[in-house]
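This report refers to the structure that appears directly beneath it.
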Amino acid sequence: MELNNENTVQSPQSSETFIEGDRVLISEISPNYAQRRNLYNNVNWTKTHMALLGHVGYICSIDEEKRTALVRVFYALPPSTDLLQNLTEWPLEALEIPKIVEHYKGDIVAITRGDPLKTTIGVIAAKETVTFEGVPKYMVSLKNAQNTALIRDIQVTIDVNPGWTDGRRDLFLCPVYSGPRLSMITRDRNEHSIHTYKNTIHGYTTDNLMEIIINWNEDSSSYAKLVESIRANPQQVRMAFDGQLPIFRAVSDDLWNVVVMLISLGAEKNAKDSQNKTIVHVAAERGLDKMLEGVLLLLPKEVNSQSITGDTPLHLASRHAHAACIDRLLGTSACLPCVANNNGDTPIHEVCKLPESGNKKAAISRIMTNTRANIHQMNNANMTPLQISIFGGHVNTVEQLLLLRSSYRNTTTKNGMNALHYAAGCGHVNVINKLIMLGLEVHRRDRFGRGVLHYVLEKWTGEAEKDCGRLASIQALVKAGAPPNVVDLNGQTPIFQLVKWVQTEIRLLRCSNFRDMLKQNEQYAVSLVPMCAQLVRTNLNLDEMASRLRPKWQLATICFMVSNGADLNIKDRKGVSIVDLCEDSTLRPIIIHIAQTKQRTVMPMLAMSQDKFDAAEVSMCTFSCFDSVATVKLNPCGHRVACVDCAEKTAIRRCPVCYQFIAGAHDHGKIKITDNPELVILIDGTQVQIGSRSGESTDFGRQHSQLSAEICKKIAEDAAREAKIEFEREKQKELNLLRKKLEQLELETSCAICMDSKIEVVFNCGHTACVECSDKLKKQCHICRKPIETTQPIYS
């Protein structure tokens, strides 16, 4: 409280000179500096001197020679309020006239004129001062001189800033100190001791409750400020400061003692903020496991309380991967772990959205082990936790989910898609490789008949990094055995999807804005025809083909698919083949040439229709000859698997493709080429006798006998080396598989509570735990919450 000079009566001396009876303030400075100043003036320095810095008293006597003064300070020893005095010597330069001396209602004060024989004791009757004739005064209730516990019904007014009247000093008030090192102001026994000695010289600047909590320190002054602030305005415990309640701030700052004090002082523990969150939500979201454990004791029924967005405390703890808080929440009997929020997300959905980390792995382990969380439960966006992890490319999360729910690996959605279909659509090669290693079926088809290659070939972004990842995904799926000629309900193979995408891109480039670009950069040059024809005959990987056709990734993919058995002449239900579908003048010659060129080691995976047989669809001979065309047509299936020479030298009874009995065979190798190079006329072939020359040796056998001994030796060494490498590779693969199975076995045989010890006890409900954890359970199973009636030890 600041006072105007107009309302004060000036004393006859200045602030630099003192006389006996003046009320003075012992300067509040550093103890080290005060000690040096006393020693410089030949004044003793004691612990009492250090404790009295910043205290108010009055001068008893002055030594002009030493320039020192004896200062009397009043104090009391509670619970007694008897007035005691402390007399110490100080240099005059250590004293000053106090600019302000404030008192609060209930403060014990000494009333004096500077004479120890005429000093009485009183109690401040009101915090507010009264004004008489423009002079502010305190209302003071006098105490009984013989019994200070009694207050007389006499109130006097004392000037706030006393001076002199008619040459006589006015009455003034001196604080009465108490507590250790005289650090507190003595209060009436009906009032709490909440003020420090600094309040008298600095004023009672009571902070609001929120500021006190924000600047909280675990010391006595913080507790004193909190109680003082609440006493000044008790409604603060239920008031919101900038939209936040004090109890929410205390929980957020992990101040458990403050939370208990606020609740005891009237704060509502069931309060909710603007987002309909409780203090349980705040503790779970902040990851304060100790605080969460405490507030759950206060609010056990709020464990499933939902905010405006539908989030429970378990949602918030899972969203930030607070594994310890997840443990606390799942440890309560009332926690529902599969509640969905407004977006349809369960806690396991929230965890799977996070980036890979150790905390995320621990959180997933807690939820999946202690609950029946479903990794295939869809949210409002039709995304399951497993699909969320696949979409984010979180390989470790995908592996952990499938290992903890191993029986649901090949579970499909309503559309018949399994995890491998979705991973193929996203194009994450690392996830695809992990799913293949975990045993997901690459031959699985969805409800529309689409295989994994349909999904991986239908989406291209145009970004080099993502498209290269899609190329790697295509190669991984093909090498894993994904069928390239599987047809969907429309009769279309995966390459149909790819050609459609290429056609769409070409149409976009033909727009008016891209004509100049198209002229400068022709899409598919004529020189690519022989290159693609050569790539189709090889066994190169997709990355090697893509490097030769860079940046035409789609064309490289077509060549790779064809080299691995894809048939470009299969027609859909409308009778349209890929060649017919391709309308672009630059791409069509390449597709036609590739369709006429088949890799010799690949047998057709689908039988062709007999009524619309095309001679251009010839295959290479799959027997022992070199680069011969399979011209022999087997009846009645119509497949071509051998040339005339191999058919006559090999006694076969069934077709190697469809396993039907062979009724006859005809040679259709003779064709007539007209002037039009695109028009080919077939001539009916002559009959071929299967196995008529089976006793003769083949051309390969005759040539093989002519090889030199050195070449044979080299071939044998290369074969032995390759066999050794393949054996080591298979051995390492088997070792990795055994290691994975061992880790899974250890996970299944570990205690679900402590995650360290082995399971040794089984309950009547079928769940297990270790001996130490089972002893700590309160007659209730930690998973299904059923009463534990009997236990049976497990002997391993």
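The values are calculated or read from the model by the stated rules, or taken from the named source; none is laboratory data. Keep in mind that this is a model prediction, so the values were computed, not measured. When we count neighbours, we look across all protein chains shown, and the Cβ atoms used for this are built from the backbone with ideal geometry, even at glycine.
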Next item on the list: Please specify each residue of the range 94-119 satisfying the condition of being without any contact (Cβ under 8 Å) to a residue 60 or more places away in the chain and of a type in the set (Val, Ile, Thr).
Entry: 119
Check: Taking the range 329-369 as the search range and keeping residues that are within 16 Å of residue 382 (Cα to Cα), hydrophobic (A, V, I, L, M, F, W, C) and buried (at least 20 other Cβ atoms within 10 Å of the Cβ), which one is nearest to the chain's Cα centre (by Cα)?
Finding: 352
Notebook entry, point to check: For residue 291, all conditions in the list (1) part of a helix (DSSP H, G or I); (2) without any contact (Cβ under 8 Å) to a residue 40 or more places away in the chain; (3) in contact with an Asp or Glu (Cβ under 8 Å, 6 or more places away or on another chain) hold save one; what is the number of the exception?
Noted result: (2)
Notebook entry, point to check: Quick check: is even one residue across the range 720-741 closer than 30 Å to residue 330 by Cα and of a type outside the set (D, E, K, R)?
Noted result: no
Check: Residues of the range 744-764 being touching a strand residue (DSSP E or B) at 6+ places or on another chain (Cβ under 9 Å) and in a loop (DSSP other than H, G, I, E, B), which ones?
Finding: 749, 751, 752, 753, 754, 756, 757, 759, 760, 764
Note to self: Under 9 Å between Cβ atoms, which residue pairs at least 6 apart in sequence (or on different chains) link something in the range 191-218 that is on the phi > 0 side of the Ramachandran plot and part of a loop (DSSP other than H, G, I, E, B) with a partner that is loosely packed, with under 14 Cβ neighbours inside 10 Å and at pLDDT below 75?
What the structure shows: 203/1; 203/2
Next item on the list: Identify all residues within the range 39-93 that are in contact (Cβ under 8 Å) with a residue 60 or more places away in the chain, hydroxyl-bearing (Ser, Thr, Tyr) and over 20 Å from residue 110 (Cα atoms); write none if there are none.
Entry: none
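Let's see how each residue does on (1) buried (at least 17 other Cβ atoms within 10 Å of the Cβ); (2) at pLDDT 90 or above; (3) within 21 Å of the chain's Cα centre (by Cα):
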residue: 396; (1), (2), (3): no, yes, yes
residue: 407; (1), (2), (3): no, no, no
residue: 410; (1), (2), (3): no, no, no
residue: 424; (1), (2), (3): yes, yes, no
residue: 436; (1), (2), (3): yes, yes, no
residue: 439; (1), (2), (3): no, no, no
residue: 461; (1), (2), (3): no, no, no
residue: 465; (1), (2), (3): no, no, no
Next item on the list: Would you please list the contacts, defined by Cβ atoms under 6 Å and residues six or more apart or on different chains, that run from a residue in the range 164-186 that is in contact (Cβ under 8 Å) with a residue 12 or more places away in the chain to a residue that is surrounded by fewer than 22 Cβ atoms within 10 Å (Cβ to Cβ) and in a helix (DSSP H, G or I)?
Entry: 181/51; 182/51
Notebook entry, point to check: For the subset of the range 36-49 comprising residues that are surrounded by 14 or more Cβ atoms within 10 Å (Cβ to Cβ) and within 59 Å of the chain's Cα centre (by Cα), which member is nearest to residue 75 (Cα to Cα)?
Noted result: 48
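Just to be sure before I move on: is residue 229 surrounded by fewer than 17 Cβ atoms within 10 Å (Cβ to Cβ), over 33 Å from the mean Cα position of the chain (by Cα) and farther than 27 Å from residue 313 by Cα in the structure I sent?
No; evaluated as a whole, the condition is false for this residue.
Here is a list: 73, 43. Which entry is assigned to a strand (DSSP E or B) and hydrophobic (A, V, I, L, M, F, W, C)? Write out each step before concluding.
Details: 43 fails: assigned to a strand (DSSP E or B).
Exactly one of 73, 43 is assigned to a strand (DSSP E or B) and hydrophobic (A, V, I, L, M, F, W, C), namely 73.
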Margin query: I'd like to check something: does the range 220-241 contain any residue that is at pLDDT below 80 and acidic (Asp, Glu)?
Written below: yes
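Any chance you could count how many residues in the range 251-260 are of a type in the set (A, V, I, L, M, F, W, C), out of contact with any Phe, Trp or Tyr (no Cβ under 8 Å at 6 or more places or on another chain) and in contact (Cβ under 8 Å) with a residue 12 or more places away in the chain?
First, the residues of the range 251-260 that are of a type in the set (A, V, I, L, M, F, W, C): 251, 255-256, 258-260.
Now restrict to residues that are out of contact with any Phe, Trp or Tyr (no Cβ under 8 Å at 6 or more places or on another chain): 251, 256, 259-260.
Narrowing further to those that are in contact (Cβ under 8 Å) with a residue 12 or more places away in the chain: 251, 256, 259.
Total meeting the criteria: 3.
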Check: Only one of these conditions is not met by residue 308: (1) under 25 Å from residue 330 (Cα atoms); (2) over 27 Å from the mean Cα position of the chain (by Cα); (3) part of a loop (DSSP other than H, G, I, E, B). Which number is it?
Finding: (2)
Checklist line | Filter result (acidic (Asp, Glu), touching a Gly at 6+ places or on another chain (Cβ under 8 Å) and at pLDDT below 70) within the range 157-199 | finding: 191
